[in-house]
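In what follows, a structure is listed as structure tokens, so that the remarks can point back to it.
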Amino acid sequence: MGGTLAAQSWPAWSIIGLATAGVILRPFAWPEWIWATTGAALLVALGLLPPLAAWEGIARGTDVYLFLLGMMLLAELARLEGLFDWLAARAVRLARDSATRLFTLVYGVGVLVTVFLSNDATAVVLTPAVAAAARAARVQDKLPYLFACAFVANAASFVLPISNPANLVLYGSRMPSLLEWLPRYALPSALAIGATYLALRWTQRHRLRESVASDIALPHLSGGGRLAATGIAATAAVLLAASALDLRLGLPTFLAGLATTLPVLLRARRGLRAVVAGIAWGVLPLVAGLFVVVEALEKTGVTDALAALLRNLVRTQPDLAPWIAGGLLALGSNLVNNLPAGLVAGRVVELAAVPEPVRAALLIGVDLGPNLSVTGSLATLLWLVALRRDGQAVGAWTFLRLGLVVMPPALLLAIAGATLG
């Protein structure tokens, strides 16, 4: 499939590389979406990708855009109606003056949110609540608790098919039933969640020695806040039902967000403008740009070449194939983001017709590998947006240094669990 753009592969790859570097490094402190969309526009403007192919790439992300819109609506409603502040106060009280207990509580809640609402929801919905909890507890350093949100979002993202949109992308139309999925990924998920927690707890041990305040007043939760909480719980039920029925998740999530928004706005007598103004709209063009990048990679023959390499690897090194394939995809997901990497991997798996242990290792790589860098997953990028709204900043190198300690052990254990299963 070198086809139409084979002779122009290197210019296209150079633009893709520069756009990816821009997303990672954010030169001039410009938002990530500017670099992704600029790279996509250059591919089209220079004739390296036909406009129709670029549009096809953008259209592929429709389900993801709807999913994100629904989740961002729910998160902004919850923030405006004080649900996050109420949850934060509850968490701080349960911590009973212990920073370690608060950290563990945050991580445990992150597991639940990721499993039943997806890793993107953990970034969008949970991170503001955790930031509020840290303020309420008057902690000196919020980062351990915020890091817990970021890392658990990826570590727990293959417990269920709905826990990560990349799962649906990689399996495509061959998604296993829940009864097949659960035994296949139960052990790898438990190992990934446990190893990530232990590594994070160890790296943050010095910051968690302080005592945190717990003698705080529990704020009143308004009727709108209770409606927002009900909407989030109902959305989780809708996503589980959609997954069981093998339906796409974007439209149900968006409709659930709208169905929650309307009664909350009516009860609170709040205008729609207040909700819309708080949504991080730049996430949508960022995702669209990444999908165009994937389309360019496919048009330059990358997919066919990778499928041939994977077939050869499975044939010549069947025992090592899951480890090599999963490890390489884990690293690759940090270069182009795991959602487009999952799209490419899904197409490669379809072409190569790999055995199930290899597919499982690839899924673990695309889900867990992004814990290495800030650009590895859409969830981590959304987490960065939430942090900036709270006045926090985490640089790419700071995250990478932590990711180099946290991610590899969890990845190796999870792939081991998948190959044993």
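Taking a ≥ b ≥ c as the square roots of the Cα gyration tensor eigenvalues, with a/c under 1.5 meaning rounded and otherwise prolate when a/b beats b/c, else oblate, which class fits region 170-276?
Oblate shape, in that a/c is at least 1.5 and b/c is the bigger or equal ratio.
What share of Cα pairs, in percent, lie more than 17 angstrom apart in region 172-222?
Percent of Cα pairs beyond 17 Å in region 172-222: 67.
When the dipole is taken about the Cα centre of region 262-421, and only Lys, Arg (+1) and Asp, Glu (-1) are charged at their Cβ, what size is it in debye, to the nearest 20?
In total the dipole reaches around 780 debye.
Please compute the length gained on full extension between Ala396 and Thr203, using 0.36 nm multiplied by the number of residues separating them and subtracting their Cα-Cα distance.
67.8 nm
Rounded, prolate or oblate for region 115-237? Axes are the square roots of the Cα gyration tensor eigenvalues, ordered a ≥ b ≥ c, and the cut-off for rounded is a/c under 1.5.
Because a/c hits 1.5 or more and a/b fails to exceed b/c, region 115-237 counts as oblate.
List the residues, sorted by chain then number, that are 5 or more residues from Ser98 or on another chain and whose placed amide H is less than 5 Å from its amide H.
Residues meeting the amide H criterion: Val212.
How would you order 231-241, 34-44 from highest to lowest mean count of nearby Cβ atoms within 10 Å?
Top to bottom by mean Cβ count within 10 Å: 34-44, 231-241.
How high is the relative contact order of region 3-420, given as a whole-number percent (alpha carbon pairs under 8 Å, six or more residues apart)?
25
Bin width 20 Å, alpha-carbon pairs only: give the P(r) of the chain as whole percents, running from 0 to the bin holding the largest distance.
Percent of Cα pairs in each bin: 28, 59, 14, 0.
In region 253-376, what is the volume of the convex hull around the alpha carbon atoms, normalised per residue and reported in Å³?
Convex hull volume per residue, Cα atoms: 127 Å³.
Compute the orientation-averaged projected area for region 1-98 from the convex hull of its Cα atoms and round it to one decimal in nm².
Result: 10.5 nm².
Could you tally the net charge around Val314, taking each other residue with its Cβ under 13 Å from the Cβ of Val314, Lys/Arg +1 and Asp/Glu -1?
+1
Would you work out the charge dipole size for region 3-420 about its Cα centre, treating the Cβ of every Lys and Arg as +1 and the Cβ of every Asp and Glu as -1, and quote it to the nearest 20 debye?
My answer is approximately 1040 debye.
Rounded to the nearest 500, what is the 222 nm mean residue ellipticity of the chain from helices alone, with -39500 (n - 2.57) per DSSP H run of 4+ residues and division by all residues?
Theoretical 222 nm ellipticity from helices: -24000 deg cm²/dmol.
Which log10 I(q)/I(0) values, to two decimals, does region 79-153 give at q = 0.20, 0.25 Å⁻¹ under the Debye formula with one point per Cα?
Log10 I(q)/I(0), no solvent term: -0.75, -1.16.
Modelled label-to-label distance, Ser14 and Arg273, 7 Å Cα→beta-carbon offset: nm?
Spacing of the two 7 Å Cα→Cβ label points: 4.7 nm.
Evaluate the Kirkwood expression for the hydrodynamic radius of region 51-197, namely the inverse of the mean inverse distance over all pairs of different C-alpha atoms, and round to one decimal in Å.
With all distinct Cα pairs of region 51-197 included, I get 16.5 Å.
Name all residues of region 228-243 having a backbone nitrogen under 13 Å from the label point set 7 Å from the Cα of Leu178 along its Cα→Cβ direction, giving them as ranges.
236-243
Read-outs: derived from the displayed coordinates by stated rules, not from any lab. Fair warning: this is a prediction, and the values are worked out from it, not measured in the lab. With ideal geometry, Cβ positions are generated from the backbone for all residues, glycine too; neighbour counts draw on all protein chains shown.
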